[in-house]
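**Q** I am attaching a structure below and will ask some questions about it afterwards.
Every number here is computed from the coordinates shown, using simple stated rules; none is lab data. Note that the coordinates shown come from a computational prediction; the quantities given were computed from them, not determined experimentally. Every residue, glycine as well, gets a Cβ built from its backbone with ideal geometry; the counts of neighbours run over all protein chains shown.
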Amino acid sequence: DPARTADRKYGIFAVLDLDDVVVGYVVYFVRNNVRHVVDILVLGPRKGLDALLSEFIIDARRERAAAVSIVYVGAPNSLTRGLRRFGFIERREQPRLMVNVSPKAPHLLRLRQRDSWYFVAGDNDI
């Protein structure tokens, strides 16, 4: 399984604001000329997500990437809406995700709410 290859080289793409504070970042790797996003984080409002996605896509085009791919499991949220705004297409698959949570876990009720969490490919190793 290539997703578990130890010698994979990851890139980190970050966007900073005018004060050099990180607005957001993307962690990705390239395989077969496709940028595979394994983690994404945006700190702040929608414009931060838009800035991050637009600059990441521009950089991918500059590097001649054929596509950008992100695996996302979770409820629709600001990330999925942002991805749609930038032309990403949802492909539904039968999810194969199992999460075990201790009955004594803090915030157990919140964890049971589908819109309280999501996973991307980078979460696969936890």
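**Q** Label E90 and K9 with points 7 Å out from Cα along Cα→Cβ: what is the distance between them in nm?
**A** Between E90 and K9, the simple spin-label model gives 3.6 nm.
**Q** Related question: How much length is gained on full extension from F119 to D50, taking 0.36 nm per residue of separation minus their Cα-Cα distance?
**A** Here the answer is 22.8 nm.
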